[in-house]
Amino acid sequence: MYRINLLTSLVLLTATGAPLAQESAADLIARRSPVIEKDLSRSINTIERAVIPASSLRVLAKELQLPIAELAAIEFYRANLSKTGGSQYDALIAYAPIKQISATGRLVLTMKGAKIDRFTLWGNDDIDVDPTMHWGAFLSHLSSTVRGHQKRPDGESVALQPSQRKLAAAILRQRRAMANNRQFTTAMRTLMRNDQLPQAAWFGRLVKGMDHLSATASELRPVLTEEAMEPFQKHAKAAAAAYRNMHEAVNKKDLPAVKLAYSALRKTCSACHNTAAATDSENTLFDTFAPHYQKLAPRTLRMAVGDDVVPALGDQETVVSQATATALRAIIACQRHVPAASRR
Ligand code: HEC
């Protein structure tokens, strides 16, 4: 049985403030709780609906430049949860419909304070079964993007000089290529353990990313020093070649050849990351870029595909990836305005 707070009753408002439909908080909780429990694999001990005041929603809609109805459609709950056989903990649950997936498409996540805890996406065969792990890898990319952003200092971005702007764009593009690489290796960890093949459709973006990185390496100057330029381009080309070889092996369903190409790829990752930034420097390329990224990257969490996030590996149209990223951005911004739990 769920312990339900019956005092809050819910009125859904349209943008003009007129009642659209009415469902009591108790009814909504009764309808959602089993879904949420299943989606999060957590049991709900207590749950209470938390409604953001309409005045805050209006401010948030303006700040996020999103329709108010889209924000009002996100449901927040304060809950006490437990893992099977585990201890209890308090969490904020956010349930956001993602209609780009299907009529029941949804993102369900829990937060402990401002920290993302569980994070799941549901609503069609590809996503629910996720046999090649590309949605799982995408969700972990999204939550690490949020975590990375939360570590950066707040405040206005400094206006960039034209020369800095070019470097900033190149660094951001390199980050996107790395985010694709990371999604791929995240998915591959599970796939290789189970002797499963990745999808052939993934490789176009991966090959292009590494080819492009080697062709435009000069735009990363001066962070990428003249000394490091040659090894950098060599490793980027080797990574693109390993992706090409793997693509070919996937087409032939040749698992041993896929494994071979994958291990060649992993060598290029560490070879490039560990390249010395310069002969007289102890810093690797991996460490050298981070402070520049912190300085030059936009301070706002944009969660825009092709900007600070990349789509799921198999999501060619990128519509679901963008809708999910937008919902996450909205949840992160709204979370600060969710009323505290009532005394129970
Ligand atoms: C051509 C060189 C090169 C290759 C090859 C390369 N990387 Fe990177 N990678 C970098 C550099 C440089 C950085 C630091 C960028 C920064 O901090 O903005 C980086 C950073 C990263 C990051 C951290 C980015 C972040 O958002 O914190 C990840 C993850 C990553 N690489 C994964 C990979 C994986 C996986 C591979 C192999 C499939 C790979 N990289 C291959 C150069 C490379």
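Read-outs: derived from the displayed coordinates by stated rules, not from any lab. A quick note: this is a predicted structure, and the numbers were derived from the prediction, not measured. For neighbour counting, all protein chains shown are included, and Cβ atoms are generated from backbone atoms with ideal geometry for every residue, glycine included.
Here are the numbers for this structure:
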{"item": "Degrees between helix 226-251 axis and first principal axis of the chain (Cα, 0 to 90, nearest 10)", "result": "70 degrees"}
{"item": "Extended-chain gain in nm, criterion 0.36 nm per residue less alpha-carbon gap, Ala257 and Gln150", "result": "34.5 nm"}
{"item": "Backbone N within segment 163-198 under 16 Å of label point (7 Å from Thr216 Cα along the Cβ vector)", "result": "163-181"}
{"item": "Table column - 3J(HN,Hα) (Hz), segment 89-96, Karplus curve with 6.51, -1.76, 1.60, x for Gly and Pro", "result": "8, 8, 8, 9, 9, 10, 10, 10"}
{"item": "Extension gain (nm, one decimal) between Thr284 and Arg189, 0.36 nm per residue minus Cα-Cα", "result": "31.7 nm"}
{"item": "0 to 90° range, to nearest 10: angle between helix 134-151 axis and the chain longest Cα axis", "result": "90 degrees"}
{"item": "Tail beyond 33 Å, pair distance distribution of the chain (Cα, percent)", "result": "37 percent"}
{"item": "Karplus (6.51, -1.76, 1.60) ³J(HN,Hα), θ = phi - 60°, over segment 280-285, in Hz, Gly and Pro reported as x", "result": "8, 10, 8, 6, 8, 4"}
{"item": "Calculated from backbone phi, Karplus (6.51, -1.76, 1.60) coupling profile of segment 105-113 in Hz, x at Gly/Pro", "result": "x, 7, 10, 10, 9, 10, 10, 10, x"}
{"item": "Candidates Glu230, Glu75, Glu48: whichever shows maximal mean-square fluctuation once the chain is modelled as a Gaussian network with Cα springs under 10 Å", "result": "Glu230"}
{"item": "Cα→Cβ-extended label distance, 7 Å offset, between Met229 and Ser270, nm", "result": "2.9 nm"}
{"item": "Gaussian network model of the chain, Cα within-10 Å springs - most flexible of Val250, Val320, Val59", "result": "Val59"}
{"item": "Taking the convex hull of Cα positions in segment 162-297, its mean projected area over all directions (nm²)", "result": "8.2 nm²"}
{"item": "Amide H contacts under 5 Å for Arg118, placed H, 5+ residues apart", "result": "Thr110"}
{"item": "Extension reserve of the Ser163-Glu23 stretch, reckoned as 0.36 nm per residue once the Cα distance is removed", "result": "44.9 nm"}
